[in-house]
1. Taking the Cα-to-Cβ direction at K148 and at L41 and moving 7 Å from each Cα, how far apart do the two end points lie in nm?
2. Using 0.36 nm per residue, how much length does the chain from C134 to S98 gain when fully extended, once their Cα-Cα distance is taken away?
3. Can you pull the one-decimal nm distance between simple spin-label points at F27 and W105, each 7 Å off the Cα toward Cβ?
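All of the numbers you see were taken from the coordinates with simple rules; none came from a lab. These figures come from a predicted structure and were not determined experimentally. Here Cβ is always computed from backbone atoms with ideal geometry, including for glycine, and neighbour counts include all displayed protein chains.
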Amino acid sequence: MSSLENRRDGQGYRSPHLTEAVEFARFMGVIFMGAGVVVCLMPRMVMPRVDTQLVMAGAAALLITPGVLYVVAGVFLGRRHYWAWMTVTITTYILVGSVCGLLGWRLYSALADTGSVAGGPGEMIGMSMLGTGCGLTGLVVILHHLRKAGPEVREAEQVAREGFEVLAPVPVEAVETNENPRSK
């Protein structure tokens with residue numbers, strides 16, 4: 001008998017890695033949604049130009065969307081749904097790639113403009129790279145816990161079988177004795 005049977009509702013024991021993956025996914029979702037709201041409201045306070053507002057609204061949408069995905073999938077990941085595990089994993093890989101690209105671009109632009117990352121205007125770029133690096137660290141932690149919790153989620157999906165059970169069209173004894181059960 002499986003260790004996860006009768007726990008489809010998400011109650012009961014969760015491995016520490018699944019618990020951490022759920023908590024980090026929800027936390028990063030709230031962070032992304034909060035950053036999206038701040039970015040959405042910032043142009044109204046700082047720059048009233050329409051084109052800047054459109055760019056910032058697009059950036060806000062790109063922050064809010066993964067935030068909502070993380071929060072919703074985090075709820076269902078706690079209930080051990082495989083699709084939620086896949087959603088969080090794919091979203092995290094996309095965000096890790098995006099953040100690495102952003103870090104590389106910021107580092108390249110800092111070195112091209114000033115010749116160093118620290119000092120003068122490069123110091124502000126260094127601070128933004130530090131914040132982006134912290135976000136990248138959070139995403140990598142989510143990936144680590146998701147990788148460790150994957151077998152538990154897959155087992156829960158197999159135990160919770162819903163739908164039709166596949167029945168053998170021919171009895172097993174008839175196959176073993178090479179009889180044709182349909183000719184009788």
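1. In this crude label model, K148 to L41 measures out at 3.6 nm.
2. Values: separation 36, 0.36 × 36 = 12.96 nm, distance 1.40 nm.
Here the answer is 11.6 nm.
3. Those two pseudo-labels are separated by 2.8 nm.
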